[in-house]
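Encoded as structure tokens, the structure appears first; notes follow it.
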Amino acid sequence: MAGDAQETAPRTGPGHVAIIMDGNGRWAQMRGRPRLFGHHAGARRVREIVEACPDLGVRYLTIFAFSTENWRRTQTEVAGLMTLFRRYIQREAQALFKAGVRVRFIGDRIRLDDKLVSLMDDLEMLTSGNDACHLTIAINYGGRDEVTRAAKRLAYEIEMGRLSHKDVDAETLARFLDTHVLPDPDLVIRTSGEARISNFLLWQSAYAEYEFVDTLWPDFTRAEFAKVLAGYGARDRRFGAVRA
Ligand code: FPP
């Protein structure tokens, strides 16, 4: 808890942490269980990590739940994940609301089923007045897809005469991204020992720090999260400048 020395929020902690939650499948396979068993264990870990954020000084948490590439998995796994997302929203909505968490979803909703989209809309609406912690869940999300959709909308605004190509700069484009209301992530964590970005927050992570941990996501505890955040506090971020 907050009183535990190891879990004290670092003074210069990351305000926005993004997590690639990897390793559910291997965690299940190691136990001789189907991959979905690992995803269910992963969902329990999501709850623990979200709950830890206020104590650890993390105001924004963005998690990668389903990528634009994940549709290539078996029909059983994809359907199981979609059911898990629906159940997670139904089960956690009230607790998230009461804890002051504002929930947002990023990604293209076009391929998601209506029931899931309607639950996502309801949860965003329910928690829209909250400000203690901002949880963003990426579903059917891909960094390239997001930038492409943003560019398409930007081009449309130009075509309609509402914007001139002369006004297009990085800030203008960022206003069309799914994340336009969020600050850029300070720290991106990936579990399971893989050192890849996998199309996650490509634009937004330009100056983010990365931390790759070997732990499989279902084993990633609050204590380990706190340790990673403490390590971040010791880093020297210069954003391309030299130290004064
Ligand atoms: C990657 O591990 C994980 C996913 C594709 C799904 C992430 C989903 C969860 C953590 C479930 C709960 C999420 C919410 C928001 C309720 P993998 O399956 O690719 O693992 P592997 O590399 O070991 O196969």
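What follows draws every value from the coordinates through simple rules; no lab data is involved. Just so you know, these numbers come straight off a predicted model, no measurement behind them. Every residue, glycine among them, receives a Cβ derived from its backbone with ideal geometry; neighbour counts consider all protein chains shown.
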Exercise. Under the definition of Cα pairs under 8 Å and six or more residues apart, what whole-number percent is the relative contact order of the range 162-244?
Worked result: 27 percent
Exercise. Can you give me the relative contact order of the chain as a percent, contacts being Cα pairs under 8 Å and 6 or more apart?
Worked result: 30 percent
Seminar exercise, completed: Assertion target for Glu146, Glu159, ordered by fewest C-beta neighbours within 10 angstrom first, is Glu159, Glu146
For this session: Would you please classify the overall shape of the range 1-158 from the alpha carbon gyration tensor, given that a ≥ b ≥ c denote the square roots of the eigenvalues, rounded means a/c under 1.5, and beyond that prolate means a/b larger than b/c while oblate covers the rest?
Result: oblate
For this session: Putting +1 on Lys and Arg Cβ atoms and -1 on Asp and Glu Cβ atoms, find which of Ala150, Leu96, Trp71 reaches farthest to the positive end of the dipole of the chain.
Result: Trp71
Exercise. Going by how many other beta carbons lie within 10 Å of each one, how would you line up His40, His16, fewest first?
Worked result: His40, His16
For this session: Would you mind giving the average projected area, over all directions, of the Cα convex hull of the range 37-102 in nm² with one decimal?
Result: 4.9 nm²
Exercise. Once amide H atoms are placed 1.01 Å from N in the peptide plane, what residues at a sequence separation of 5 or more from Ser67, or on another chain, have their amide H within under 5 Å of its amide H?
Worked result: Asn140, Tyr141
Exercise. In a shell of Cβ-Cβ distance under 14 Å around Trp203, excluding Trp203 itself, what net charge do Lys and Arg (+1) and Asp and Glu (-1) give?
Worked result: -3
For this session: Could you please rank Thr68, Thr127, Thr148, placing first whichever residue has the fewest other Cβ atoms within 10 Å of its Cβ?
Result: Thr148, Thr68, Thr127
Seminar exercise, completed: A student applying the Cα gyration tensor rule (rounded when a/c is under 1.5; otherwise prolate if a/b is larger than b/c, oblate if not) would label the range 107-216 oblate
Exercise. Which residues in the range 80-94 have a backbone N closer than 12 Å to a point placed 7 Å from the Cα of Ser118 along the Cα-to-Cβ line?
Worked result: none
For this session: Treating cross-link reach as a plain straight distance, find the aspartates and glutamates whose alpha-carbon is under 17 Å from the alpha-carbon of Lys98, omitting any fewer than eight places away in the same chain.
Result: Glu48, Glu51, Asp55, Asp122, Glu124, Asp131
Exercise. Near the amide H of Met21, under 5 Å away, which other amide H atoms are found, from residues 5 or more places off or on another chain, if H is placed in the peptide plane?
Worked result: Phe64
Problem set entry | Highest-MSF residue in the chain out of Leu201, Leu216, Leu154 [GNM, Cα springs under 10 Å] | Leu154
